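Peer 1: Can you read through this structure? Questions will come right after.
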Amino acid sequence: MHALFIYVAVLLTMARGHQKFQSQQKNQQKQEKLKKAQSHDQKGAALKALIFTCSVCKSQMPDPKTYKQHFESKHPKATLPAELASA
């Protein structure tokens, strides 16, 4: 009779061990999904950085120096915008 109780106790701990392992895996997958959902939005950050817009072709640039280089190389016949003339 005593051996039966030990056998049942062993089975219960083994089952709980398996359940614990499954629970840990499930939790790990859940944490990975949450981490992916919280990752940085690189596209959004890149679009926010593009603050200058070409008055001719409407392409966007991050700073006035790049904008001036773009304007001089792509639109040499057009007059320089007032915002670039002062820069």
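The values are calculated or read from the model by the stated rules, or taken from the named source; none is laboratory data. All values reported here derive from a predicted model rather than from experimental measurement. Note: ideal-geometry Cβ built from the backbone for every residue, glycine included; neighbour counts use all protein chains shown. Areas reflect the complete protein model, heavy atoms only, side chains present, ligands, DNA and RNA absent. Shrake-Rupley method; radii C 1.70, N 1.55, O 1.52, S 1.80 Å.
Peer 1: Does region 62-72 hold any residues that are open to solvent by 70 Å² or more (accessible area, probe 1.4 Å) and either under 34 Å from the mean Cα position of the chain (by Cα) or at pLDDT below 90 (or both), and which are they?
Peer 2: Result: Lys65, Gln69.
Peer 1: Continuing with the same structure: Within region 32-58, track down each residue that is among the small types (Gly, Ala, Ser) and free of Cβ contacts under 8 Å to residues at least 12 places away in the same chain.
Peer 2: Scanning region 32-58 gives Ala37, Ser39, Gly44, Ala45, Ala46.
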